[in-house]
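Peer 1: So that we are looking at the same thing, I have put the structure below in structure tokens.
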Amino acid sequence: MGPFPPYSGPAPLTAAPAPPPTLQQPWWLPLAITFFIVASLASCGLTAFLAFQQASQSLSQSVSPAALETAHQTVVQDYYTAIQQQQYQSAYIELASDATVKGQHLDLNGYLQLARAQDQRFGKVSEFSVNELDPYHFTVTVWRDLAIYEVHLTFATQALPTLDRITSVDGI
């Protein structure tokens, strides 16, 4: 190997070609596009909200008192038919989740105990008669082997009767 050539410093730099000229975007264009997108989404959301409000109002206004009365009467009839057949779990289903029975909030087990105690004390329900006071309040006359008495049932004031359940019962 021979001697190295003397160091002459860094190699000369060659100039890179100049980039082609570009059109400059105005600084406000991305801001305007973002504002347009946000405004569009907000107006779509507001439109959907107002449409939902209008639809729910028209549904609640479209339920006639007669339809509400019929729906509630059916629930009361189903409730006492289940009690008469000693199908207390089926009767319990007709109660709203926050319903009171004789002034108490009862879970299924508490309800079963109360219903069975009523059967032991007065006998099985042999007959019942439903009397409507208004679409939200009913009186049921109950005939048992050893007693005849009235029970008052109340419904919440909901617009959709398919969702409405008994909210208060003062007896079984």
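Peer 1: Suppose a student asked you for the relative contact order of region 65-170, using Cα pairs under 8 Å spaced at least 6 residues apart; what percent would you report?
Peer 2: Working: 172 pairs, mean separation 32.0, N = 106.
Result for region 65-170 is 30 percent.
Peer 1: Have a look at region 65-170 and give its Rg and Dmax from the Cα atoms, expressed in angstrom.
Peer 2: 13.1, 39
Peer 1: Given R₀ = 35 Å, FRET efficiency for GLN53-THR100 by Cβ-Cβ distance, to 0.05? Kindly include the intermediate steps, with their values, before the conclusion.
Peer 2: Numbers: r = 32 Å, r/R0 = 0.92.
FRET efficiency, GLN53 to THR100: 0.65.
Peer 1: So how much accessible area does TRP28 have, in Å² to the nearest 10, using a 1.4 Å probe?
Peer 2: Only protein atoms counted, so the area is about 130 Å².
Peer 1: In what order, largest first, do PHE128, PHE155, PHE35 sit by accessible area if the probe radius is 1.4 Å? Can you show the working numbers first?
Peer 2: Numbers: PHE128 35, PHE155 5, PHE35 150 Å².
From most accessible down to least: PHE35, PHE128, PHE155.
Peer 1: Next up: Could you pull out every residue, at least 5 positions away or on a different chain, whose amide H is within less than 5 Å of the one on GLN86? Hs are placed 1.01 Å off N in the peptide plane, and Pro or chain starts have none.
Peer 2: none
Peer 1: Heavy-atom accessible area of ILE148 with all protein chains present, probe 1.4 Å, nearest 10 Å²?
Peer 2: Using a 1.4 Å probe on the heavy atoms, I get roughly 110 Å².
Peer 1: Can you compute the modelled spin-label distance between GLN87 and HIS152, with each label point 7 Å from Cα toward Cβ, in nm?
Peer 2: 3.0
Peer 1: Amide H of ALA156: which non-local residues (sequence gap of 5 or more, or other chain) have their own amide H closer than 5 Å, using H built in the peptide plane?
Peer 2: Residues meeting the criterion, in which the H sits 1.01 Å from N, are ARG165, THR167.
Peer 1: By its C-alpha gyration tensor, with a ≥ b ≥ c as the square roots of the eigenvalues, how is region 98-150 shaped: rounded for a/c under 1.5, else prolate for a/b larger than b/c, else oblate?
Peer 2: It comes out oblate by the Cα gyration axes.
The values are calculated or read from the model by the stated rules, or taken from the named source; none is laboratory data. Since this is a predicted model, take the numbers as computed values, not measurements. Note: ideal-geometry Cβ built from the backbone for every residue, glycine included; neighbour counts use all protein chains shown. What goes into the accessible areas is simple: the full protein's heavy atoms, side chains included, and nothing from ligands, DNA or RNA. Shrake-Rupley method; radii C 1.70, N 1.55, O 1.52, S 1.80 Å.
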